[in-house]
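This report concerns only the one structure given below.
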Amino acid sequence: MRAMLWVVGVVAGALVLLGLLLEAARWLMIIGVIALVVVIALAVVKGRQLMHRPPSRR
């Protein structure tokens, strides 16, 4: 799950940078920002799930 978050985050960052470089393609920046917000939301949700999970005994 963490690897997928990293991949989506990197893709979102690349889309934001590409959108900034290509002013004619502003929708790329919008999609990148939306993807970045989704990654942050997923990370918060997963972090809260890990915080509320009881510690595993070994």
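Of all residues in the stretch 3-33, those satisfying the criterion of being assigned to a helix (DSSP H, G or I) and at pLDDT below 80 are Leu18, Gly19, Leu20, Leu21, Arg26, Trp27, Leu28, Met29.
Considering only residues in the stretch 1-21 that are among the hydrophobic types (A, V, I, L, M, F, W, C) and open to solvent by 80 Å² or more (accessible area, probe 1.4 Å), the one that is farthest from the chain's Cα centre (by Cα) turns out to be Leu21.
The values are calculated or read from the model by the stated rules, or taken from the named source; none is laboratory data. Keep in mind that this is a model prediction, so the values were computed, not measured. Accessible surface areas use protein heavy atoms only, side chains included; no ligands, DNA or RNA. Shrake-Rupley method; radii C 1.70, N 1.55, O 1.52, S 1.80 Å.
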